[in-house]
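What follows is a set of notes on a single structure, which appears directly below.
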Amino acid sequence: MAKTSTTTQGLRAAIERSGYYPALVAEAVEAAIGGETIRSYLVHQETTFDANEVRRHVTVLVLTGNRFIVSHTDEQAADSTSPTPYATTSTESVKLGRISSVVVSRVVSNPESYTPGTLPREVVLTIGWGAVSRIDLEPAACGDPNCEADHGYTGNSTADDLSLRVSEAGDGPETVRQALAFAQSLSEATADITR
């Protein structure tokens, strides 16, 4: 990453603030970005509870002029493959033209008195580019309640490559703002590609 960019410095600072193996995460993200200019980013650190273990994850989303980059780092406890705890970092680089959907779901309190510009209490950002799809199937039926024929199945296929949830209570209002700003930047970038 170019050290002169304010956006680059902001990304580096956000990775450091996450406190989650910042040197490892920053190196993976920097390698994926290469020399491109960063247009927008989002760093999301999440703690989950898995049986008797507490696990942390960090996801870094970066938008450049040509690509959408996803970096995800997980920590793992010692297991049969490693006598010591370890972390796994993966990055995926997606050309902007491949992004097929950007879905932003906002949860607001007291919608009857909502004031434009009020921060939602929760945001779910779902981005699809065709690498992973979810298929929900159910038995098809006809209108006859006495029919016993096999009508096959019906269902929906949904792009489900990445879904990220941030909340004001869990992540703080600044992370919610950043998620909304990143989603808007990504939506605008993908709209520019189709024009």
Could you list, in sequence order, the residues of region 53-86 that are among the polar types (S, T, N, Q) and either in a loop (DSSP other than H, G, I, E, B) or at positive phi (or both)? 66, 80, 81, 84
Scanning for something open to solvent by less than 60 Å² (accessible area, probe 1.4 Å) and among the small types (Gly, Ala, Ser), does region 42-62 turn up at least one residue? no
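Among residues belonging to region 17-29 that are of a type outside the set (Gly, Ala, Ser) and open to solvent by 40 Å² or more (accessible area, probe 1.4 Å), point out the one that is farthest from residue 94 (Cα to Cα). Steps first, please.
At the first step, the residues of region 17-29 found to be of a type outside the set (Gly, Ala, Ser) are 17, 20-22, 24-25, 27, 29.
Then keep just the ones that are open to solvent by 40 Å² or more (accessible area, probe 1.4 Å); that gives 17, 21, 24, 27.
Numbers: 17: 26, 21: 24, 24: 21, 27: 19 Å.
Top of the filtered list is 17.
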Would it be correct to say that residue 89 is of a type in the set (Val, Ile, Thr), assigned to a strand (DSSP E or B) and either open to solvent by less than 80 Å² (accessible area, probe 1.4 Å) or touching a residue at least 40 places away in the same chain (Cβ under 8 Å) (or both)? yes
Residue count, region 19-64, condition more than 19 Å from the chain's Cα centre (by Cα) and closer than 14 Å to residue 175 by Cβ, comes to 0
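The values are calculated or read from the model by the stated rules, or taken from the named source; none is laboratory data. Since this is a predicted model, take the numbers as computed values, not measurements. Cβ atoms come from the backbone with ideal geometry, glycine included; neighbour counts cover every protein chain shown. Note: accessible area is taken over every heavy atom of the protein model, side chains too, but ligands, DNA and RNA are not part of it. Shrake-Rupley method; radii C 1.70, N 1.55, O 1.52, S 1.80 Å.
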